[in-house]
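Student: My questions all concern the structure below.
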Amino acid sequence: MNATHDPEASENHSSSEVDVLVVGAGITGIYQLYRARECGFSVLLLETGRGVGGTWFWNRYPGARFDSESYTYGYLFSRELFEEWEWQEHFAPQPETERYLNHVVDRFDLRRHIRFGARVTSAEYEERSGAWRVRAADGSESRARFVIAATGVLSVPYTPEVPGVEDFRGEMYHTGLWPAEPVDFYGKRVAIIGTSSSGVQVVPAIIDQVASLTIYQRTANWCTPLNNAPITAEEQTRLRLDFEELRETLNTSVHGFHHPPHDRAAFEDSDDERQRFYETMWNSPGFTKLTSNYSDLLSNPEANAEWCAFIAGKIRAIVDDPETAERLIPKNQRFGEKRPPFIAGYYEAFNRENVSLVDLRETPISRITATGIETTEGKQDFDLIVWATGFDFGTGALARMGIQGRGRLRLTDYWADGPRTFLGVQAHGFPNLFFPGGPHAAAGNNPRYNGDQVDFIIDLLVHARAHGYDVIEVTERSEERWTNMVNRGADSPLSFGESSYYFGTNIPGKPRRYLLNSGGRPKLFSVIADVVANDYDAFSLSQVSASTEASESTEASESTEASEATEAAGATS
Ligand SMILES: Cc1cc2nc3c(=O)[nH]c(=O)nc-3n(C[C@H](O)[C@H](O)[C@H](O)COP(=O)(O)OP(=O)(O)OC[C@H]3O[C@@H](n4cnc5c(N)ncnc54)[C@H](O)[C@@H]3O)c2cc1C
């Protein structure tokens with residue numbers, strides 16, 4: 001790659017010259033680090049947090065656990081790793097996943113390449129050298145040929161702007177920024193704001209400790225049982241015996257799950273058969289209700305409505321108070337148009353004397369006071385407030401990294417009207433910058449999708465190195481075609497709902513743009529195959545001469561000093 005870069009140089013963390021700088025130590029960044037090391041690149045990984053795990057480092061709230069089966073979420077690149085790690089439950093809780101990711105980092109000797117407590121605040125492309133200059137909040141500065149931002153789609157917690165928040169004198173936590181030390185709920189009057197995937201996990205986990213629990217719901221969601229269970233000894237043996245088959249399924253399936261799709265459309269079955277099938281679905285694990293439901297669940301409104309009616313019936317049967325049950329049943333929302341939450345004991349919680357539901361559509365919060373929450377209906381006092389209000393999905397972390405590409409073009413300006421990418425891995429005008437697991441990517445079982453992107457990026461870097469290229473930039477045309485494909489798919493009548501975070505509409509002022517890849521994994525596979533077969537012609541690959549690089553290095557440090565001066569004067573990026 002770069003003859004002056006010794007692959008071992010990055011082993012000393014004070015080194016600031018590497019081939020590849022990875023940002024983010026979640027499941028994607030760790031894999032990216034592993035693959036880049038495996039291919040002989042010098043690598044440094046910068047991570048804001050003080051530990052490994054990304055999502056599973058930050059989301060320590062009570063009840064946090066997988067909705068993907070543990071063994072389908074973990075890495076598949078090493079059979080030995082798969083065999084030696086025994087997941088205890090089909091859907092592992094957060095501490096187990098954090099332990100697993102730490103185990104991977106140590107087992108493959110990756111920790112020495114990671115600098116924790118290093119939030120990247122700026123990444124500037126040096127036009128003439130083709131390298132990136134990266135600065136972090138810990139004061140460090142690095143220079144890298146390639147920057148790979150594995151910064152996550154759900155890594156920037158969002159708290160709505162509610163007047164008076166700073167006045168509250170009790171304890172307050174966001175599920176996505178949960179403290180490492182345990183939070184004591186015992187005997188406290190607790191409020192939870194938000195009833196999506198995280199909020200519905202917290203409720204049953206704390207219910208036995210609190211004096212009272214008030215749940216503030218903005219949007220009711222179609223919640224169905226997770227149906228978790230310990231993994232038995234026989235299942236452990238079976239998993240190991242079937243590893244190759246499982247890996248093949250996960251590496252090729254549409255959603256990255258191992259659940260086989262159903263081969264029948266809803267109305268091919270009789271009324272009785274459908275009701276029996278819905279009961280089977282209700283009792284099946286996790287995402288099966290989406291991936292293995294009737295084949296026309298998402299394309300036939302009548303099929304979707306019938307499945308929703310079945311779930312509504314379940315809610316009415318579980319929740320004693322009919323008014324509460326009705327509030328918990330989504331109105332005008334198809335199953336699957338939002339990310340479905342999975343539950344264990346959530347609806348049952350509403351039968352407790354000390355649990356109540358506030359519907360924020362009827363009585364919105366007007367302010368937080370020193371002692372509690374005031375809605376249009378009145379005020380309630382609390383000792384502790386939990387914000388389970390989600391994330392700035394898709395683009396949030398990249399938008400906060402101070403990225404400037406060619407001609408000092410800011411990524412935030414380039415994406416002012418929504419992300420433009422190719423394969424969800426690169427944007428035109430930002431050569432040598434990649435972002436696996438970013439916008440236009442993840443849907444379904446995340447590590448599988450993100451892993452596809454990591455593998456693609458590494459193959460591309462190796463290809464460029466083999467041919468003596470050190471600048472990789474997606475062509476405008478390739479980017480346009482991919483972005484149009486994403487936007488067209490999202491416009492189809494049966495695509496996702498208006499208020500889904502998939503469109504970024506949970507964040508005030510964010511343009512409504514589809515943030516996933518609407519072509520799904522099959523589209524990703526087919527375009528990657530095409531690109532590779534055509535010698536990566538979707539990218540412009542070029543070379544930077546060593547002499548220009550040297551002069552640019554001086555120029556860049558001058559420009560960095562200049563921009564530091566601007567920043568010190570109060571300018572923001
Ligand atoms: C509570 C919760 C449960 C989930 N459950 C599932 C599930 O069951 N199945 C599933 O498939 N997906 C699930 N997800 C989605 C989950 O985000 C992905 O599965 C996965 O964690 C993505 O990994 P990642 O490495 O791409 O990103 P992350 O895990 O988000 O890691 C990104 C890392 O980048 C760091 N970072 C960001 N910006 C910077 C910066 N400027 N400088 C330095 N570091 C930075 C962050 O601190 C973070 O550690 C869940 C998400 C949440 C929040």
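Student: Kirkwood Rh, Cα Rg: Rg to Rh for the range 58-100? Let's see the in-between values first.
Tutor: Values: Rg = 10.6 Å, Rh = 10.8 Å.
Using Cα coordinates only, the ratio equals 0.97.
Student: Now, a different point. Compute the projected area of the convex hull of the Cα atoms of the chain, averaged over all viewing directions, and report it in nm² to one decimal place. Intermediate values should be presented prior to the final figure.
Tutor: On the way: hull surface 106.3 nm².
Projected area, direction-averaged: 26.6 nm².
Student: Next question. Mind ordering 501-510, 218-227 by average Cβ neighbours within 10 Å, highest first?
Tutor: Values: 501-510: 17.8, 218-227: 19.8.
Descending packing order for the listed peptides: 218-227, 501-510.
Student: Hey, what's the Kirkwood Rh for the range 252-308 if you take every pair of different alpha carbons, in angstrom?
Tutor: Working: mean 1/r = 0.0864 Å⁻¹.
So the Kirkwood estimate lands at 11.6 Å.
Student: Let me ask another. Find the Cα radius of gyration of the range 193-273, compare it with 2.2 N^0.38 Å by division, and give the number to two decimals. If you can, show how the numbers build up before the last one.
Tutor: Working: Rg = 19.2 Å, N = 81, 2.2 N^0.38 = 11.7 Å.
Computed over Cα atoms of the range 193-273, the ratio equals 1.64.
Student: Let me ask something else about it. Roughly to the nearest percent, how much of the accessible area of the chain is carbon and sulfur, given a 1.4 Å probe? Intermediate results must be reported in sequence, preceding the final value.
Tutor: On the way: 11510 of 23370 Å².
Roughly 49 percent of what the probe reaches on the chain is carbon or sulfur.
Student: Considering only the other residues whose Cβ falls under 14 Å of the Cβ of Ala464, what net charge follows from Lys and Arg at +1 and Asp and Glu at -1? Mind showing how you got there, number by number?
Tutor: Values: positive: Arg145, Arg465; negative: Asp19, Asp459, Asp470, Glu473, Asp535, Asp537.
Within the 14 Å Cβ shell, the charges total -4.
Student: Rule-of-thumb check for the range 371-420: C-alpha Rg over 2.2 N^0.38 Å? List each step's numbers first, then the result.
Tutor: On the way: Rg = 18.9 Å, N = 50, 2.2 N^0.38 = 9.7 Å.
For the range 371-420, the normalised Cα radius of gyration is 1.95.
Student: Could you give the length gained on full extension between Arg512 and Asp272, defined as 0.36 nm per residue of separation minus the Cα-Cα distance, in nm?
Tutor: 82.3 nm
Student: If you count, for each residue, the other Cβ atoms within 10 Å and average over each peptide, how do 133-146, 52-65 line up from highest to lowest?
Tutor: Going by the mean number of other Cβ atoms within 10 Å, highest first, we get 52-65, 133-146.
Student: Provide the per-residue ³J(HN,Hα) series for the range 313-321, in order, calculated from phi with Karplus coefficients 6.51, -1.76, 1.60 and θ = phi - 60°, each as a whole number of Hz, with x at glycine and proline positions.
Tutor: Residue by residue, the range 313-321 yields x, 5, 4, 4, 6, 7, 8, 5, 7 Hz.
Student: Same structure again: Diagonalise the Cα gyration tensor of the range 218-336 and give the resulting equivalent ellipsoid semi-axes, square root of 5 times each eigenvalue, largest first, whole Å. The partial results should precede the final answer.
Tutor: On the way: eigenvalues 171, 68, 36 Å².
Taking √(5λ) for each Cα gyration eigenvalue gives 29, 18, 13 Å.
Student: Which three extents, in whole angstrom, do the alpha-carbon atoms of the range 262-418 cover along their principal axes, largest first?
Tutor: 62, 49, 24
Student: Determine the dipole magnitude for the chain: charges of +1 sit on the beta-carbon of Lys and Arg, -1 on that of Asp and Glu, nothing else is charged, the reference point is the Cα centre, and the result goes in debye to the nearest 20. Could you put the intermediate results ahead of the total?
Tutor: Working: 54 positive and 82 negative charges, 145 e Å.
Here the size comes out at about 700 debye.
Student: In terms of Cα to Cα distance under 17 Å, which aspartates and glutamates are near enough to Lys331, apart from those fewer than 8 places away along the same chain?
Tutor: Glu302, Glu306, Glu323, Asp359, Glu362, Glu498
Student: Roughly what % of DSSP beta bridges within the chain run antiparallel, to the nearest 5?
Tutor: On the way: 26 of 63 bridges.
Approximately 40 percent, going by the DSSP bridge assignments.
Student: What percentage of all Cα-Cα pairs in the range 150-251 are separated by more than 15 Å? All intermediate terms of the calculation are to be shown ahead of the outcome.
Tutor: On the way: 3924 of 5151 pairs.
In whole percent, the long-distance tail amounts to 76.
Student: Still on this structure: Can you tell me the length gained on complete extension of the stretch Asp109 to Thr252, counting 0.36 nm per residue apart and subtracting the Cα distance? Mind dumping the intermediate values first?
Tutor: Working: separation 143, 0.36 × 143 = 51.48 nm, distance 2.90 nm.
Answer, rounded to one decimal: 48.6 nm.
Student: With N set to the number of residues, divide the alpha-carbon radius of gyration of the range 322-364 by 2.2 N^0.38 Å and report two decimals.
Tutor: Rounded to two decimals, the normalised Rg is 1.30.
Student: Explain nothing, just compute: Karplus ³J(HN,Hα) = 6.51 cos²θ - 1.76 cosθ + 1.60, θ = phi - 60°, for every residue of the range 142-154 in order, whole Hz, x for Gly and Pro.
Tutor: 9, 10, 9, 5, 10, 10, 10, 8, 9, 8, x, 8, 10
Student: Sketch the reach of a paramagnetic label on Leu360 as a point 7 Å from Cα along Cα-to-Cβ, and name the residues of the range 186-211 whose backbone nitrogen lies under 12 Å away.
Tutor: 192-196, 199
Student: If R₀ is 56 angstrom, what is the calculated FRET efficiency for the pair Glu348 and Glu38, using the beta carbon separation as r and rounding to 0.05? Don't skip to the answer; put the middle values down first.
Tutor: Working: r = 48 Å, r/R0 = 0.85.
Calculated value: 0.70.
Student: Under 13 Å from the 7 Å Cα→Cβ point of Gln543, by amide nitrogen: which residues of the range 468-483?
Tutor: 468-471
Student: Using 7 Å Cα-to-Cβ label points, what is the Ala309/Val165 separation (nm, one decimal)?
Tutor: The modelled label-to-label distance comes out at 4.2 nm.
Student: Rounded to the nearest 500 deg cm²/dmol, what is the calculated helix-only ellipticity per residue at 222 nm for the chain, with -39500 (n - 2.57) per DSSP H run of length n ≥ 4?
Tutor: On the way: 19 runs with 195 residues, N = 573.
Helix-only estimate at 222 nm: -10000 deg cm²/dmol.
Student: Compute the distance in nm between two label points, each set 7 Å from the Cα along the Cα-to-Cβ direction, one at Ser526 and one at Leu81.
Tutor: 3.1 nm
Student: Kirkwood Rh and Cα-based Rg: tell me the resulting Rg over Rh for the range 350-509, rounded to two decimals.
Tutor: 1.12
Student: Between Arg240 and Asp381, what is the spin-label point distance in nm, taking each point 7 Å from the Cα along the Cα→C-beta axis?
Tutor: Computed distance between label sites Arg240 and Asp381 equals 5.8 nm.
Student: If the chain between Asp208 and Arg99 were fully stretched, how many nm would it gain, using 0.36 nm times the residue separation less the Cα-Cα distance?
Tutor: On the way: separation 109, 0.36 × 109 = 39.24 nm, distance 2.65 nm.
Roughly 36.6 nm would be gained on extension.
The values are calculated or read from the model by the stated rules, or taken from the named source; none is laboratory data. None of these values were measured; they are calculated from a predicted model. Using ideal geometry, Cβ is built from the backbone for each residue, glycine included, and neighbour counts are taken over all protein chains shown. For accessibility, only protein heavy atoms count, side chains too; no ligands or nucleic acids. Shrake-Rupley method; radii C 1.70, N 1.55, O 1.52, S 1.80 Å.
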